[in-house]
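Chemist: I'd like to ask some things about the structure below.
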Amino acid sequence: MSRNEALFAAAQQHIPGGVNSPVRAFGSVGGTPRFFTRGEGAYVWDADGKKYIDYVGSWGPLILGHAHPAVIEAVTRTAQNGMSFGAPTEGEVEIADLLCDMLPSLGQVRLVSSGTEATMSAIRLARGYTGRDKLIKFEGCYHGHADSLLVKAGSGLLTFGNPSSAGVPAAVAADTIVLPYNDVAALEAVFAEQGSQIAALIVEPIAGNMNLVQPSKEFVAAMRKLTQEHGAVLIYDEVMTGFRVGLQCAQGLHGITPDLTCLGKVVGGGLPLAAFGGKREIMSKLAPLGPVYQAGTLSGNPLAVAAGLATLQALREPGFFAALSARTQALATGLTQIGQQWPTELQISAQSVGGMFGVYCSPTVPHSYQEVMNSNRSRFNAFFHAMLNEGVYLAPSAFEAGFVSAAHDDDDIQYTLFAANRVLQQMA
């Protein structure tokens, strides 16, 4: 028995499913999850000592790569002065100033510890601000595991084939309206019928939890136009895309100013940190200024703030995103070129935005939840395991985007393409 297998068997004794987040269990792809012991730059090593090129990057936060020296130094220096205070610190002020400076849509921002906290707090705030109850979300978009959001959600729920979660009362989900992603007509129809009751629309501006799906220009424009016309709050859930696809996030790429923005992953540099923010008039409704309550014992944790500050400052270096985007595009273009050499039923395709990419077991990239669901998942599972054997660690699910870091170099990309070509030859 390998060390990974032994650890997984031991983990299942006292941890449900042997994991502390469902998609880590390899449930949809089969096999034994890898227990990692070390990460450095673009690489991770598992409990059996095998080295992998890592395209998961802790599910997106590690845009600088593993154990980046500036991040490690910042966290170490901060830890020497204390781990947590449950009281304000200067670092919280500094990172709030930096976030508001980097993202023009943020008039004010509040720090929390997870993406789920950020999205559920933003929705509560939107409802308190508008005095309305109904929420629009889209099929395949995952916004954390708050009860009202686990309705046709992406991420792990797609991985395990469940459109929603058990344990969510029907009454809680009753005010959540679910629409098809990229469907302008459906969006217009709902606002025409229920516009005066809709508190907020929340969206992954570039979906990454049903694999990578990009919105059409018409869809983006319709979301902004309809929410403004009907007095609803537009929430851009940039927990995944925030400072991952560009210096001003997806909203910068779209030329859109949302009313509220949710951030996570990259802003914590690998430690638990997230945030939500937006217009001052909306943010002023938060306690202690207003009637909308939100709190967190570890919100603004000094170590997480230090890691986030070091990461965000590195992203502001000239040319950072141009280089990251070019390398990620080279990976996606190469995978598509390799994948198109085969008959239609064997083809793969890929695309990228900034430092995010998607790989699909279909001849064309998807534009909707339904198109994603029609992809050949069994072939993805075979592709995943074969790439794992080649030393390339992709997300263990056909419904998750991948991530390139600044630590990946041209040799890493070329080896990945070489491995993919060899794997597809074997599969064919």
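Chemist: May I ask you to verify whether Gly290 is in a loop (DSSP other than H, G, I, E, B), on the phi > 0 side of the Ramachandran plot and either modelled with pLDDT of 95 or more or surrounded by 24 or more Cβ atoms within 10 Å (Cβ to Cβ) (or both)?
Modeler: Taking the combined requirement at face value, the residue does not satisfy it.
Chemist: Taking into account only those residues within the stretch 1-28 that are under 17 Å from Met387 (Cβ atoms) and of a type in the set (S, T, N, Q), which is surrounded by the fewest Cβ atoms within 10 Å (Cβ to Cβ)?
Modeler: Asn4
Chemist: Let me ask something additional. In the stretch 35-58, how many residues are touching a Gly at 6+ places or on another chain (Cβ under 9 Å) and of a type in the set (D, E, K, R)?
Modeler: Final tally of qualifying residues: 4.
Chemist: Any residue at all in the stretch 253-272 that is free of Cβ contacts under 8 Å to residues at least 24 places away in the same chain, farther than 22 Å from Gly65 by Cα and outside any strand (DSSP E or B)?
Modeler: Yes, the stretch 253-272 has at least one match.
Chemist: Let me ask something else. If you check Gly319, Gly300, which single one turns out to be at positive phi and crowded, with 21+ Cβ neighbours inside 10 Å?
Modeler: Within the list Gly319, Gly300, the selection yields Gly300.
Chemist: State the number of residues belonging to the stretch 322-339 that are in contact with an Asp or Glu (Cβ under 8 Å, 6 or more places away or on another chain) and closer than 14 Å to Arg422 by Cα.
Modeler: 0
Chemist: Give the residue, chosen from Glu139, Glu94, Glu117, Glu90, that is closer than 17 Å to Leu315 by Cβ and out of contact with any Ser or Thr (no Cβ under 6 Å at 6 or more places or on another chain).
Modeler: Only one candidate qualifies: Glu94.
Chemist: Can we say Gly31 is under 20 Å from Ser378 (Cα atoms), over 20 Å from the mean Cα position of the chain (by Cα) and surrounded by fewer than 19 Cβ atoms within 10 Å (Cβ to Cβ)? Write out each step before concluding.
Modeler: On the way: under 20 Å from Ser378 (Cα atoms): yes; over 20 Å from the mean Cα position of the chain (by Cα): yes; surrounded by fewer than 19 Cβ atoms within 10 Å (Cβ to Cβ): yes.
Yes.
Chemist: Which ones in the stretch 188-203 are farther than 14 Å from Arg132 by Cα and either surrounded by fewer than 24 Cβ atoms within 10 Å (Cβ to Cβ) or touching a Pro at 6+ places or on another chain (Cβ under 9 Å) (or both)? Quick ask: steps written out before the conclusion?
Modeler: Residues of the stretch 188-203 that are farther than 14 Å from Arg132 by Cα, as a first pass: 188-190, 192-193, 202-203.
Passing the criteria: Glu188, Ala189, Val190, Ala192, Glu193, Val203.
Chemist: Follow-up question, since we're still on this one. In the list Gln341, Gln329, which residue meets the criterion of being polar (S, T, N, Q) and more than 19 Å from Ile53 (Cβ to Cβ)?
Modeler: Gln341
Chemist: Follow-up question, since we're still on this one. Being surrounded by fewer than 17 Cβ atoms within 10 Å (Cβ to Cβ) and at pLDDT below 95, is that true of even one residue in the stretch 345-359?
Modeler: yes
Chemist: Let me ask you something else. Return yes or no: is Ala42 touching a His at 6+ places or on another chain (Cβ under 9 Å) and within 29 Å of His68 (Cα to Cα)?
Modeler: yes
Chemist: Let me ask another. Just checking, how many residues over the stretch 87-139 are farther than 10 Å from Ala275 by Cβ and in a strand (DSSP E or B)?
Modeler: Here the count works out to 6.
Residue by residue, here is whether (1) assigned by TED's automatic domain parsing to the domain that holds Ser325; (2) in a strand (DSSP E or B); (3) under 21 Å from Ile15 (Cα atoms) holds:
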residue	(1), (2), (3)
Gly27	yes, no, yes
Gly30	yes, no, yes
Glu40	yes, yes, no
Gly49	yes, no, no
Gly57	yes, no, no
Thr78	no, no, no
Met83	no, no, no
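Chemist: Take Ala67 and tell me if it is at pLDDT 95 or above, crowded, with 17+ Cβ neighbours inside 10 Å and among the hydrophobic types (A, V, I, L, M, F, W, C).
Modeler: For Ala67, the condition - at pLDDT 95 or above, crowded, with 17+ Cβ neighbours inside 10 Å and among the hydrophobic types (A, V, I, L, M, F, W, C) - is not met.
Chemist: Scanning for something of a type in the set (Val, Ile, Thr), out of contact with any Cys (no Cβ under 9 Å at 6 or more places or on another chain), part of a loop (DSSP other than H, G, I, E, B) and in contact (Cβ under 8 Å) with a residue 24 or more places away in the chain, does the stretch 396-408 turn up at least one residue?
Modeler: Within the stretch 396-408, one or more residues are of a type in the set (Val, Ile, Thr), out of contact with any Cys (no Cβ under 9 Å at 6 or more places or on another chain), part of a loop (DSSP other than H, G, I, E, B) and in contact (Cβ under 8 Å) with a residue 24 or more places away in the chain.
Chemist: Right, something else. Which numbered condition in (1) modelled with pLDDT of 95 or more; (2) in the same structural domain as His408 (by TED's automatic domain parsing) is the only one that Gly308 fails?
Modeler: (2)
Chemist: Residues of the stretch 340-374 being part of a loop (DSSP other than H, G, I, E, B) and within 15 Å of Gln329 (Cα to Cα), which ones? Quick ask: steps written out before the conclusion?
Modeler: Here is the first cut: in the stretch 340-374, the ones part of a loop (DSSP other than H, G, I, E, B) are 340-343, 347-348, 354-355, 361-368, 374.
Of everything in the stretch 340-374, those that are part of a loop (DSSP other than H, G, I, E, B) and within 15 Å of Gln329 (Cα to Cα) turn out to be Gly354, Gly355, Val365.
Chemist: So, in the stretch 236-252, exactly how many residues are surrounded by 24 or more Cβ atoms within 10 Å (Cβ to Cβ) and either free of Cβ contacts under 8 Å to residues at least 24 places away in the same chain or in a loop (DSSP other than H, G, I, E, B) (or both)?
Modeler: 7
The values are calculated or read from the model by the stated rules, or taken from the named source; none is laboratory data. Just so it is clear, the model here is predicted, and its values are computed rather than measured. Using ideal geometry, Cβ is built from the backbone for each residue, glycine included, and neighbour counts are taken over all protein chains shown.
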